[in-house]
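Remarks on the structure that follows.
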Amino acid sequence: MSTPAKRRLMRDFKRITSDCPPGLTASPLNDNVMVWNAVIIGPEGTAYEDGIFKLVLQFSEEYPNKPPDVRFVSKIYHPNFYNDGKICLDILQNRWTPTYDVSSILTSIQSLFNDPNPESPANVEAANLYKDNKMLYLEKVKECVELSWQDDIEDDDEEDDDEEEEE
Amino acid sequence: MNSAADKKYDEIVNFKVPVLKDFDSLLRCHICKDILNIPVITPCCHTFCSVCIRDYLRNGLDQNCPLCLNDLNESSLRSELLLNEICKCYRLDIKKVFIEKLNTNKENKQEPEIKNIISNKRKQNKLISDSFSLLKPQQSAKKQKTASGNNTIIDMLSRKKHQSPTIAQETPTSTKEKSNCPICNNKFSLKYLQEHHIDHCLSSLGTESKEIINLSDDNKKEIESSDLEEEEDPKYLKSYLQSALQSNLIPKIQKLPNLQLNDITTTTLKQNLMKYNLPVIGSKFNLIQRWKQWDVLYTSNFVDNPSPLPITSVRNTLIQWDALNNKAISANSSNNTNDLIAMLDNKKLDIKSDKFSRPTWESKYKKHYKELIKVARKTKTTLKK
């Protein structure tokens, strides 16, 4: 039994698996296609380089007429992301159009890592530091990037074993 | 098109004929991302499925073109008659020829087993029944000419234009002039296929008649005929020309009354629904949703579709939609989409609420995220290389 929203989400999934934009990916939960988990890796040449940022997306049956809810699960320090992980991005609010899909939503979020927009801040402190005290801003970002590796480091031993076995 | 055939086709498009991928993506609606169904064009020259754009303009956030964000009024949408035929031809015929060709190639390699044929038949049944709302059986049979021959996939397409009856006549008994039945996938002479077999095969839809499959070679020879003088019908062209002519001649069906849904009474709403023989069960919210969807489907079919389906079939589509999307929900929660999902999926998940705990979620889906991280890293490194 599929609704237009679910059919569209399956198409989105097909697209993100066949033409995956670099450094990001997403897939629906096994038991609920209306909720997706996603990962964006901090783009090269930015302060967020190699940071691992986890997100969750929740779609309604009105998708793609209405945008999904998107929230960071990982802690993140960025002018356009709230401390609780919510995102201030025009295309997820008033500039949403039904032509966007999961892939383009995540690409837009990823591009905020390249170009933070301090003019419409979600995290006022981060926006002010970004404008007035770059050094301190970069330090705070570094902290959050290192924090994003924590899980990964914990699992590293385990994962290394896995990979060796695979090879 | 059913999903198995669709998947197979996507594989071909993506891996074997990349040039088609571009063409394929041009014919897709930017809203549903499927092949355009009853395309309509905006004054800003952007094209969408009729149902998709009408639904968006009524229920979306804005009254603008999803592609260029220019203001867009629903009344300014116009049907794209030619594109409609192109998309129909692509969706119903071209894709099928590709899938059939792939099936034939596979069967040539291995001994065809009855099991295979039956499963193919099932797939093809769906395919055919999809197309049958639009095509007559005889028309559908004619297009099987395009499925004959042992050429490569690309040859198939270019041949479609050049295929002439005389070529086929030169070797009347060779297998080249035989065509695959789209339903049971067996080979028959074109004439037999068109005049007898397709009808027979269709009349046994769902009964899995093995008689067709077991038809011996001797029998086939008996019914084979060498006269193939009929030129292939450019049926989509005909349909286009007809629809273009008719669009001025046929009086448009009466539009639905424009109901003021904000302050309408349940009684008026029910009266209007009953006028069109629609169900009147559910809350007021359900009734409004039902009427809105009916308006979209009705307008799309009778205003935009050059060959409108009978009202009963529009009604069936609505009833199907109703069963999936319009479950009995109290009107109170209708304003909150998240409550709505939670109720439909029987899960009280709302990632925006303060109760949503990010650390709990993170550890619950640790494995899922780990897989995603691996994939994301891989795509990043492939880019570097």
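List of remarks:
- The range B:68-85, subset surrounded by fewer than 18 Cβ atoms within 10 Å (Cβ to Cβ) and under 19 Å from B:Phe23 (Cβ atoms), residue farthest from the other protein chains (Cβ to nearest Cβ): B:Leu82
- Evaluated against (1) outside any strand (DSSP E or B); (2) open to solvent by less than 10 Å² (accessible area, probe 1.4 Å), A:Gln110 falls short on exactly one condition, (2).
- Extreme residue, farthest from B:Tyr236 (Cα to Cα), among residues of the range B:51-67 that are touching a residue at least 40 places away in the same chain (Cβ under 8 Å) and surrounded by 20 or more Cβ atoms within 10 Å (Cβ to Cβ): B:Asp55
- Only one entry in A:Pro22, A:Pro28 is part of a loop (DSSP other than H, G, I, E, B) and either at the interface with chain B (Cβ under 8 Å from one of its Cβ atoms) or open to solvent by 10 Å² or more (accessible area, probe 1.4 Å) (or both), namely A:Pro22.
- Of all residues making up the range B:51-64, the number that are under 25 Å from the mean Cα position of the chain (by Cα) and more than 8 Å from chain A (Cβ to nearest Cβ): 5
- Residue within the range A:117-127 that is among the polar types (S, T, N, Q) and touching a strand residue (DSSP E or B) at 6+ places or on another chain (Cβ under 8 Å) present: yes
- Candidate set from the range A:31-54 (those that are open to solvent by 10 Å² or more (accessible area, probe 1.4 Å) and β-branched (Val, Ile, Thr)); member that is farthest from A:Ala5 (Cα to Cα): A:Thr46
- Out of A:Arg8, A:Arg15, one residue alone is touching a residue at least 12 places away in the same chain (Cβ under 8 Å), at the interface with chain B (Cβ under 8 Å from one of its Cβ atoms) and either among the aliphatic types (A, V, I, L, M) or open to solvent by 10 Å² or more (accessible area, probe 1.4 Å) (or both). It is A:Arg15.
- Given (1) more than 10 Å from chain B (Cβ to nearest Cβ); (2) closer than 17 Å to B:Ile373 by Cβ; (3) not basic (Lys, Arg), number of the condition A:Tyr77 does not satisfy: (2)
- Filtering the range A:31-57 to residues that are touching a Leu at 6+ places or on another chain (Cβ under 7 Å), closer than 14 Å to A:Ile105 by Cα and either within 9 Å of chain B (Cβ to nearest Cβ) or in a helix (DSSP H, G or I) (or both) leaves A:Asn37, A:Ala38, A:Val39, A:Ile40.
- Screening the candidates A:Ser60, A:Ser104 for the property of being surrounded by fewer than 21 Cβ atoms within 10 Å (Cβ to Cβ), in contact (Cβ under 8 Å) with a residue 40 or more places away in the chain and within 12 Å of chain B (Cβ to nearest Cβ) yields one hit, A:Ser60.
- Filter result for B:Pro43 (modelled with pLDDT of 90 or more, away from chain A (no Cβ under 14 Å), open to solvent by less than 10 Å² (accessible area, probe 1.4 Å) and under 26 Å from B:Gln246 (Cβ atoms)): no
- Each residue in the range B:351-379 was checked for being farther than 25 Å from A:Thr17 by Cβ and either in contact with a helix residue (DSSP H, G or I) (Cβ under 6 Å, 6 or more places away or on another chain) or within 7 Å of chain A (Cβ to nearest Cβ) (or both), and 2 of them qualify.
- Of all residues in the range A:114-131 being surrounded by 14 or more Cβ atoms within 10 Å (Cβ to Cβ) and either β-branched (Val, Ile, Thr) or over 17 Å from A:Phe72 (Cβ atoms) (or both), the one that is modelled with the lowest pLDDT: A:Pro118
- A:Asn83 free of Cβ contacts under 8 Å to residues at least 12 places away in the same chain and either among the charged types (D, E, K, R) or open to solvent by 10 Å² or more (accessible area, probe 1.4 Å) (or both): no
The values are calculated or read from the model by the stated rules, or taken from the named source; none is laboratory data. Every value quoted in this text rests on a predicted model; they were computed, and no experiment measured them. Here Cβ is always computed from backbone atoms with ideal geometry, including for glycine, and neighbour counts include all displayed protein chains. We work out accessible area using only protein heavy atoms, side chains counted, and drop any ligands, DNA or RNA first. Shrake-Rupley method; radii C 1.70, N 1.55, O 1.52, S 1.80 Å.
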